[in-house]
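J.: Could you have a look at this structure, given as structure tokens, before my questions?
The values are calculated or read from the model by the stated rules, or taken from the named source; none is laboratory data. The model shown is predicted, which means the values in this text are computed figures rather than measured ones. So basically every Cβ, Gly included, is an ideal-geometry build from the backbone, and we count neighbours across all protein chains shown. For the accessible areas, the whole protein counts, side chains as well, though only heavy atoms, and no ligand, DNA or RNA atoms are used. Shrake-Rupley method; radii C 1.70, N 1.55, O 1.52, S 1.80 Å.
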Amino acid sequence: MGLSKIILNVALWVVDVLTFYVHPKKNRITFISLTQSELSGDFKLIDKQLRHENKYDIHYILLKFEKNLWGDFKYFLNCLKQLVEIKKSSLVILNDNNYVISHMKPTNVKVLQVWHACGAVKKFGNQIKRQYPVRNYDYVLCNAEYWKEPYSQAFGVNTNQVLVTGMPRIDTLLNRNERDEFFLKYPELKDKKLCLYAPTFRGNIIDGLKIQSFDFTKVKDYVVLYKFHPLLGDIQCNGGVNMNKEDLYTLMQVSDCLISDYSSVIFDYSLLNKPMISYIPDVKEYKHNIGLNIDFDDFPGPVCTDEDQLVKALEFKDYDYDKLSYFQIKYMVYTDGKNTSRVIDTINQIMEEV
């Protein structure tokens, strides 16, 4: 354990002792995130519905973590604040792993993990080597029965604590259409064949992040729209159109096909019944160093390990849409647009039990 974590643990212990009198309030829910400074995605949809029902006292601790000296200091203070707010709450809702919960969760507080992805191609959490073990979650949401086992491993819970509700943001993917607004903004792309490139990142926040890309100029039949993981920042590439600041679901809707790798976007995209390509030139190294939660034999499209294969695969000759349908059913069960309602029902049930 590094010096910074020792200092943090001592500070958390002091705050815990000084707030011995703080206990959960019956109807209090607190959202905590280190990946967003304002409500977005699943959190925004859940919050909107909870506020519509007007049954709970809702609070937020939202911080977009930045790996620098000032960011580390803000994180330190945020953790101390988290502990106090956690102790006041009946239910804490997370969308990423949380150090305070894993180390000092009060026994009479429930924790719901609303993970920020629709699945996990690559191993994560307790499945890999990490700085601290993930623990103390009471419930974890997922999209299909398939995810019960890998999520139980990753989050340190039993499989019966992993609940198949579907993720709320999928409702927006299925129920909204922003094509017209997109092409008003980018009229030069209208009537063009658009290929979305949306890879994940390599590495981690602590040790550094890396990107995997390819030569977009080799692609002749499509305009490549590229959007890298938000943690990588606004990366510039030649030969494609920078979409790093555009909404990912909008890009999914306007694109004709997807190229990705170990990113969970392949699960979301499968619901749109459009062809996909996996570009994984480092797959042998990745399997050895990180590990995978899915078998790429299941992937409903070409799996490419070099640029020549990738360019040829974009011809999409005899694309297997039956395999795409099987993939979607296996990894993404609900397509009825009612995921948010199922999650709210789950939260109401948890709150009745606390």
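J.: Find all pairs meeting these conditions: Cβ atoms under 7 angstrom apart; at least six residues apart or on different chains; first residue within the range 190-203 and under 12 Å from ASP282 (Cβ atoms) and at pLDDT below 95; second residue assigned to a loop (DSSP other than H, G, I, E, B) and open to solvent by less than 30 Å² (accessible area, probe 1.4 Å).
T.: That search, which allows pairs on different chains as well, returns PRO199/PHE228; PRO199/ASP261; PRO199/SER263; THR200/ASP261; THR200/TYR262; THR200/SER263.
J.: Now a separate question. Considering every residue within the range 35-53, establish whether at least one is more than 22 Å from PRO168 (Cα to Cα) and at pLDDT below 95. Walk me through how you get there before you give the answer.
T.: Taking the range 35-53 and keeping what is more than 22 Å from PRO168 (Cα to Cα), we get none.
For the range 35-53, residues more than 22 Å from PRO168 (Cα to Cα) and at pLDDT below 95: absent.
J.: Let me ask something additional. Quick test for you: out of THR165, THR159, pick the one residue that is open to solvent by 40 Å² or more (accessible area, probe 1.4 Å) and either at pLDDT 95 or above or not polar (S, T, N, Q) (or both). Steps first, answer last, please.
T.: Details: THR165 fails: open to solvent by 40 Å² or more (accessible area, probe 1.4 Å).
After ruling out the rest, the residue left standing is THR159.
J.: Out of all the residues in the range 265-273, is one or more aromatic (Phe, Trp, Tyr), open to solvent by less than 30 Å² (accessible area, probe 1.4 Å) and under 21 Å from TYR334 (Cβ atoms)?
T.: Going residue by residue through the range 265-273, those that are aromatic (Phe, Trp, Tyr) are 267, 269.
Now narrow it down to the ones that are open to solvent by less than 30 Å² (accessible area, probe 1.4 Å): 267, 269.
Right, trim to under 21 Å from TYR334 (Cβ atoms) and you get 267, 269.
Yes: the range 265-273 contains one or more residues that are aromatic (Phe, Trp, Tyr), open to solvent by less than 30 Å² (accessible area, probe 1.4 Å) and under 21 Å from TYR334 (Cβ atoms).
J.: Could you check how many residues of the range 280-290 are open to solvent by 10 Å² or more (accessible area, probe 1.4 Å) and in contact (Cβ under 8 Å) with a residue 12 or more places away in the chain? Even if it seems obvious, please write down each step before you answer.
T.: First pass over the range 280-290, keeping only residues open to solvent by 10 Å² or more (accessible area, probe 1.4 Å): 281-290.
Now restrict to residues that are in contact (Cβ under 8 Å) with a residue 12 or more places away in the chain: 281-283, 286, 290.
Count: 5.
J.: Those residues that are in a loop (DSSP other than H, G, I, E, B) and either closer than 21 Å to ASP256 by Cα or open to solvent by less than 20 Å² (accessible area, probe 1.4 Å) (or both), I need them from the range 294-314; list them, please. Write out each step before concluding.
T.: First pass over the range 294-314, keeping only residues in a loop (DSSP other than H, G, I, E, B): 294-295, 299-302, 305-306, 314.
Listed by number, the residues that qualify are ILE294, PHE299, PRO300, GLY301, PRO302, LEU314.
J.: Okay, next question. Pull out all pairs, ordered by first then second residue, where Cβ-Cβ is under 7 Å, the residues are six or more apart or on different chains, the first lies in the range 156-184 and is farther than 16 Å from HIS116 by Cβ, and the second is assigned to a loop (DSSP other than H, G, I, E, B) and among the hydrophobic types (A, V, I, L, M, F, W, C).
T.: From the range 156-184, the pairs are GLY156/VAL134; VAL164/ALA144; VAL164/VAL333; LEU174/LEU271.
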